[in-house]
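Take a look at the structure below.
The values are calculated or read from the model by the stated rules, or taken from the named source; none is laboratory data. As the structure is a computational prediction, the values presented were derived from the model and not from experiment. Cβ: placed from backbone, ideal geometry, glycine included. Neighbour counts: every protein chain shown. These area figures cover heavy atoms from the full protein model, side chains too; ligands, DNA and RNA do not enter into them. Shrake-Rupley method; radii C 1.70, N 1.55, O 1.52, S 1.80 Å.
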Amino acid sequence: HPRAVDEVHSTGHTASQETPDCLGMIDIDHFKSINDEYGHAAGDAVLAWIGRALRENCRAVDHMARWGGEEFAILMPGTNFQIALGIAERLRRKTEATILHYGSKEIRFTVSCGIVQSQPDATQLETLAEGDIALFAPTQQGGSRSTVSGDDCRIHKPSDANQSAECKPTTRAQP
């Protein structure tokens with residue numbers, strides 16, 4: 001699964017350059033209930049829709065991958081938090097406004113996004129783990145939110161633009 005992360009690192013672009021990389025982790029909210037209510041083929045249609053929406057809403061330089069189950073990862077090289085959040089929010093809003101027609105069924109679904117900025121001293125696995133942590137807050141708060149994690153952390157949801165969450169700077173255990 002870390003193919004997208006490996007691909008960017010193999011191009012020579014690293015977080016130590018002037019503009020760091022950002023990683024976006026995306027989770028389809030309540031995906032199990034989609035499979036349970038509409039069937040696994042409908043769940044597959046939702047996954048395919050998300051894949052198309054990622055391609056349409058991300059930049060040519062971004063690397064996207066299905067991370068597993070209902071999670072996706074976007075590696076955004078040379079990207080600050082504001083741009084990464086804009087990409088995540090564009091996808092989140094588009095998903096929230098979509099009704100997927102599957103046979104005679106209409107399926108509504110949302111996504112949550114966690115954004116983390118890679119650190120020069122972090123391994124790829126540490127960055128991915130921090131992306132999962134960034135994704136945890138919005139999924140635990142009901143979904144359809146985007147979280148920016150690190151020194152500056154915010155939870156974004158259009159219905160409550162002033163909602164916020166407290167985050168602390170990332171610290172890593174030294175070996």
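A few comments on the model shown:
- Charge dipole (the stretch 73-150, unit charges on Cβ, about Cα centre) - positive-most of ILE107, ALA137, SER118: ILE107
- Between ALA48 and PHE136, the FRET efficiency from the beta-carbon distance, with R0 = 30 Å, is close to 0.70.
- Taking amide H as placed 1.01 Å from N in the peptide plane, the amide H of TYR102 sits under 5 Å from that of ILE107, each at least 5 places away or on another chain.
- Ordering 43-56, 107-120, 25-38 by mean Cβ neighbour count within 10 Å, with the highest value first, yields 107-120, 25-38, 43-56.
- Scalar couplings 3J(HN,Hα) for the stretch 100-112, obtained by applying the Karplus form with A = 6.51, B = -1.76, C = 1.60 to θ = phi - 60°, are 8, 8, 10, x, 8, 9, 10, 10, 9, 7, 9, 10, 10 Hz; x denotes Gly and Pro.
- Whole-percent carbon and sulfur share, accessible surface of the stretch 56-117, 1.4 Å: 51
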